[in-house]
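*Asks:* First the structure, which I've put down as structure tokens, then a few questions once you've had a look.
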């Protein structure tokens, strides 16, 4: 029988935590006192235990939910590996149920890091690849939010969601339209859900999007042989530090923002020296994101007239 964590210990569910950025987020949350549910589709072949003798390459397929959970527990943290395929709403609902069973009915934070990637022109993006990206990226996130919101509400209208998705700007969809469509949709969900929280008076609930300002050493960058050199890469700890910064910032400040890791750490956490994050000591990784982004809000935002609500007075699907 699994012993539940102490009742005063916050619980974070990290979806997409088997390697790369997700793994680092899970490890650093555990180091900062969180019980971590390590969730992803990747599992250790032929095993369901959290014991291992070696730590695999964190960006390889040998790194799974079980090896990450074992890494956390070997350092004195508390972690539970749970498999989920985010293309299945049934599995997502089961993941939330299992999380609550393991943690004595507690859940404080959800990090959605699952992602499917295909960067190419529209002509060279097959429909099946496009559909996979939409299933894993915006649809998986939406299903996760739908499963989590009732839990946050039941536990006192408290909770945080952090989404790995970008600011919205024109250059982002150049050369990767199918991928960008899903990722921008995730950022739209962040903006819209944040408005729901404000409208409904949920002051202790927040949703925030976070994206890297420079390329980060991860499974994605290792697979992209034509991508950044080692000198242009930062360690994934910059991203996990930004996640922790978001969680330690009052909800009303971070609710609905589309942040970059470097910019958030500089503006809200007082970080000025980023040299420790460089993969190659002494290197200055090239920033791949613009310094400024368009403002999405409009002056008439709070004067939109009569608001229609399709959930009222209509039969359910």
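*Asks:* For the chain, what is the percent of antiparallel DSSP beta bridges, rounded to the nearest 5?
*Replies:* Working: 2 of 32 bridges.
So the antiparallel bridges in the chain amount to around 5 percent.
*Asks:* 222 nm [θ] for the chain, helices only, -39500 (n - 2.57) per DSSP H run of 4+, per residue, to 500?
*Replies:* Working: 10 runs with 111 residues, N = 317.
For the chain, the value works out to -10500 deg cm²/dmol.
*Asks:* Still on this structure, please answer the following. Using Cα springs under 10 Å in a Gaussian network model of the chain, which residue among 28, 273, 261 shows the largest mean-square fluctuation?
*Replies:* 273
*Asks:* When a/c is below 1.5 the answer is rounded, else prolate if a/b is larger than b/c, else oblate, so apply that to region 234-296 with a ≥ b ≥ c taken from the square roots of the Cα gyration tensor eigenvalues. Display every interim value, and only then the final one.
*Replies:* Working: a/c = 2.48, a/b = 1.46, b/c = 1.70.
It is oblate, given that a/c is not under 1.5 and a/b is not larger than b/c.
*Asks:* Here is a follow-up. Which residues does a label at residue 308 reach in region 183-198, if reach means a backbone N under 20 Å from a point 7 Å past the Cα toward the Cβ?
*Replies:* Within reach of a label on residue 308, which here means backbone N under 20 Å from a point 7 Å along Cα→Cβ, region 183-198 contributes 192-193, 196.
*Asks:* Taking the Cα-to-Cβ direction at residue 229 and at residue 85 and moving 7 Å from each Cα, how far apart do the two end points lie in nm?
*Replies:* 4.2
*Asks:* Using the C-alpha atoms of region 160-262, what convex hull volume per residue, in cubic angstrom, is computed?
*Replies:* Expressed per residue, the convex hull around the Cα atoms of region 160-262 is 99 Å³.
*Asks:* If you bin the C-alpha pair distances of the chain every 20 Å from 0, what whole percents do you get?
*Replies:* Calculated P(r), rounded to whole percents: 31, 60, 9, 0.
We did not get these values from a lab; they are worked out from the coordinates using the rules stated. Model, not experiment: these values are computed from the prediction. In this analysis, Cβ positions are derived from the backbone assuming ideal geometry, glycine residues included, and neighbour counts consider all displayed protein chains.
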